[in-house]
Amino acid sequence: MRAAGRRWGRRQRALLWGALLMAWEAAWGQLRYSVPEEMPKGSFVGDVAKDLGLQLPALTDRGVRILDKGRRQYFTLHGKTGHLVTVERIDREQLCLLVEKCVLRCELIAEGQMQIYGIEVEITDINDNAPTFREAGKDLRLSELTAPGSRFPLAEAHDPDVGRNSLQSYELSGDEHFSLAVQAGPGGGQRPELELADQRPELVLAKALDREEAAFHELVLRASDGGDPARTGTAWIRVTVLDANDNAPVFSQAEYTVRVPEDVPVGSVLVSLTATDADEGPNGHVKYTFHKISHRTTELFHLDSETGGITVKEKLDFEEISSHELEVQARDGGELSDTAKVVITVTDVNDNAPELTVSSAVSEISEDAPAGTVVALLHVQDRDSGTNGEVRCSLDRDLPFRLEKSYEDYYSVVTERELDREQVSEYNVTVRAADGGAPPLQSSAVLALRVLDVNDNAPVFTQERYSARLAENNAAGALVLTVRASDADWGQNARVRYRLSEGRVRGAPLSSYVSVQAETGALYALRSFDYEQVRELELWVRAEDGGAPALSSNVSVRLLIVDENDNAPQVLYPPPAPAASLSSGAGWSGVELAPRSSEPGALPAGSLTRWLVLAVAAVSCLFLAFLLLLLALRLRRWRREQLLAASSGALRGVPVSHFVGIDGVRAFLQSYSHEVSLTADSRKSQLRFSGASCCDTLPARPLPDEPPPLLGDENPA
């Protein structure tokens, strides 16, 4: 009971120290657990929620889960309990065959805390494998003359477990003629666990043999591990006592050396070993076997037991193993033997192309990047050796890039000069790597590189200058013309906007006459133009891109105003009457009277103007008086007709020509009128008098009871 209590106390202390260590490691983002191998699926590994200080409801809220990196996962997190459990049964020997300490790693993410925790789970060994021998038994044929103390190597046992669970000891059971000796491994005591696993059992003849006493000896070799309970493996040994064999086989060479290329065909004979025995019969018959050889070597080479020839079973690979050492034993029929060492050196052939890896690269570069800018970092290697492993890298010609050696097997792709996006906007740079073999092997990598735009091009107008014709009296807002400019840049740097340069026309800002649409370059007239005021406009339009700083260019635009017949002729002489006279109806009528004796040029003088005004006024008065008289006569005539009608038509025979009508008045006016033709240029003014005489204008004769007519005499007026 006391012993059980002490074991329980030690276990509690161990658990306490383990909990403290786990809490300290969890605080630093690292969790460590251990679990025995071969546990069933769903076995408990560790309480992650407790070790991280998380409550069970917080696991799902904080998004705590095992990260999946595309590798095989051996553990999972139980969502309800927060325990780390196994996904499947784990075999330590399958995962870590050559590793003493088997550790599996995974990562736990808490998305709510944005924190990663590393988890290391040590798979501890259990004693689930017994020591085994490669061969179930061994036949030994010993001469009865074999001296006591002679040693005979036996087959070694193998146990894939580690530590105490691995191979620990050998035991021999049989008779008194034989004993067991165990040679220590090459560790020399520095690694006891390796030394135990590499023990070499040897059968020792403890007592002289006597064939007449016993022709056969049956022995059992037992290998045990240190598990609890221990596991064992056995192999039988059958010793046949032969007659005296006093000659052992002897190899022709103590060491055989051969060099073969790695592409040697499978089945080729690499070397033939020869051992001779001076004995006759079965004692002189030699057989060859591999004595000390690795498992991989047995997969690559085959030894003919009768001829001693070594052939290739699988393709050799210089990059995997460049040299093989074999130990061959020649044994005669009396179990006497000799050993020889065989060294097979594999030479390299050019069977590996260079491996070109893009370690780092950019996908975009500005066109104003200076020469020498690094765009990619490459790593190149060739698994071959010597000249076959020497790699040369190159780029395509006519590209603005070059290769530079940076560090050991690293190369940098740098720009050789400044780039121009307007010429080439994208590059596909092919990097080629070739080794020094004959023929050389090659590999390549393509770098896709896009050139980013810089505002290095100003807008360019499609014409050197623009001109347009616009008829006067245009509608406000009429389209005059459209200017066009393009920019070789891209994106915002190529976006062109238009605006007018500052200027003035007849004292007013140019922008009050015309405007340009910023996006399209359309030029519009903001007002109706008058040819008599503005006959042409000279202006400048600026095109500006969207870069920073912006680039711009200007173009000249000439706008010609076309005249239309929108003005009536103006009388320059005589000058028009004042506004008051015009409003009262007494304005100038455009008719002047002049005497027939007037000299040429008597009208561009000032006194003549006054006489003309007086003449016009007199004529006007006469005209009004004549109209009044005519009206009176018409009334009188009408009155008389009424009277005559009443007196039965006493005047029916009077001719019509005795009456003065409207036609007579018009003829009278024409006799005194002159034609005036005036233009804005007084030098082109004309004055023409009528050549018709006033005679016979009114040929009517007075009636007997009428007064003589006022007009119509034959004298000129």
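Quick notes
- Residues in the range 448-481 that are touching a Phe, Trp or Tyr at 6+ places or on another chain (Cβ under 8 Å), open to solvent by 70 Å² or more (accessible area, probe 1.4 Å) and without any contact (Cβ under 8 Å) to a residue 60 or more places away in the chain: Leu479 alone.
- Candidates are the residues of the range 115-138 that are open to solvent by 30 Å² or more (accessible area, probe 1.4 Å) and among the hydroxyl-bearing types (Ser, Thr, Tyr); the one that is nearest to Leu167 (Cα to Cα) is Thr132.
- Residue ID - farthest from Pro370 (Cα to Cα), chosen from residues in the range 394-424 that are among the acidic types (Asp, Glu) and open to solvent by less than 60 Å² (accessible area, probe 1.4 Å): Asp396
- Against the conditions (1) assigned to a loop (DSSP other than H, G, I, E, B); (2) modelled with pLDDT of 90 or more; (3) under 18 Å from Asn473 (Cβ atoms); (4) not hydrophobic (A, V, I, L, M, F, W, C), Asn567 satisfies every one except (2).
- Strands (runs of 3 or more DSSP E) completely within the range 206-292 that count 2 or more residues being in contact (Cβ under 8 Å) with a residue 60 or more places away in the chain and of a type outside the set (Gly, Ala, Ser): 216-225, 232-242, 255-261, 269-272
- Output for the range 79-116, where each listed residue is small (Gly, Ala, Ser) and touching a Cys at 6+ places or on another chain (Cβ under 9 Å): none
- The residues of the range 482-504 that are of a type in the set (Asp, Glu) and surrounded by 14 or more Cβ atoms within 10 Å (Cβ to Cβ), listed by number, are Asp487, Asp489.
- Unique match (being part of a helix (DSSP H, G or I) and at pLDDT 85 or above) among Lys50, Lys41: Lys50
- The lone criterion from (1) modelled with pLDDT of 90 or more; (2) open to solvent by 30 Å² or more (accessible area, probe 1.4 Å) left unmet by Ala445 is number (2).
- Per the listing Arg164, Arg141, Arg89, the residue uniquely closer than 18 Å to Met39 by Cα and open to solvent by 50 Å² or more (accessible area, probe 1.4 Å) is Arg89.
- Among the residues of the range 259-307, the ones that are closer than 30 Å to Asp317 by Cβ, in contact with a His (Cβ under 8 Å, 6 or more places away or on another chain) and modelled with pLDDT under 90 come to 1 in all.
- Matching strands (runs of 3 or more DSSP E) fully within the range 347-454 where at least 2 residues are touching a His at 6+ places or on another chain (Cβ under 9 Å): 355-361, 410-415
- Residue check, Leu242 crowded, with 18+ Cβ neighbours inside 10 Å and at pLDDT 90 or above: no
- Some residue of the range 305-325 being part of a helix (DSSP H, G or I) and more than 30 Å from Gly437 (Cα to Cα): no
- Within the range 316-356, the set of residues being free of Cβ contacts under 8 Å to residues at least 24 places away in the same chain and either crowded, with 17+ Cβ neighbours inside 10 Å or under 52 Å from the mean Cα position of the chain (by Cα) (or both) comprises Glu320, Ser323.
The values are calculated or read from the model by the stated rules, or taken from the named source; none is laboratory data. Everything quoted here is computed from the prediction, not taken from an experiment. With ideal geometry, Cβ positions are generated from the backbone for all residues, glycine too; neighbour counts draw on all protein chains shown. Protein only, heavy atoms only, side chains kept; ligands, DNA and RNA dropped before computing areas. Shrake-Rupley method; radii C 1.70, N 1.55, O 1.52, S 1.80 Å.
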